[in-house]
1. Is it the case that some residue within the stretch 77-86 is at pLDDT below 80 and part of a loop (DSSP other than H, G, I, E, B)?
2. Which one of these is at pLDDT 80 or above, loosely packed, with under 14 Cβ neighbours inside 10 Å and of a type in the set (A, V, I, L, M, F, W, C): A58, A20, A92?
Amino acid sequence: MNKLLLALGALALLVGLVLAFPLVAFFFQITLDSLRPQTISWDAKNAWSKCDGAIAGAVDWPSAPAAACAAMHMCANEATLTPEQWTSLVSAARRLTGCGDP
């Protein structure tokens, strides 16, 4: 029971901070987005966090080939990739018509 009250109190404090300080809400949203990369748009500044999932096949690349190519190049430039991920990314880019190597 004490743990439940403590958790509820912490949640109430967090909600209060978010309502009182919009900047806290902004950072809270960014943190939540980083935990759920599938909710981030490929046009967002933190879209690089989708790269691991997209390369692994858990997150979809953009449907338009030009947008997918741009996303792959963004991943090559902004994400930290393992050699295996790099190889997979280059292979995926080569399968797109008109998309050069990242």
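The values are calculated or read from the model by the stated rules, or taken from the named source; none is laboratory data. Since this is a predicted model, take the numbers as computed values, not measurements. No Cβ is skipped: glycine too gets one built from the backbone with ideal geometry, and neighbour counts run over all protein chains shown.
1. No, the stretch 77-86 contains no residue that is at pLDDT below 80 and part of a loop (DSSP other than H, G, I, E, B).
2. Just one listed residue meets the conditions, A58.
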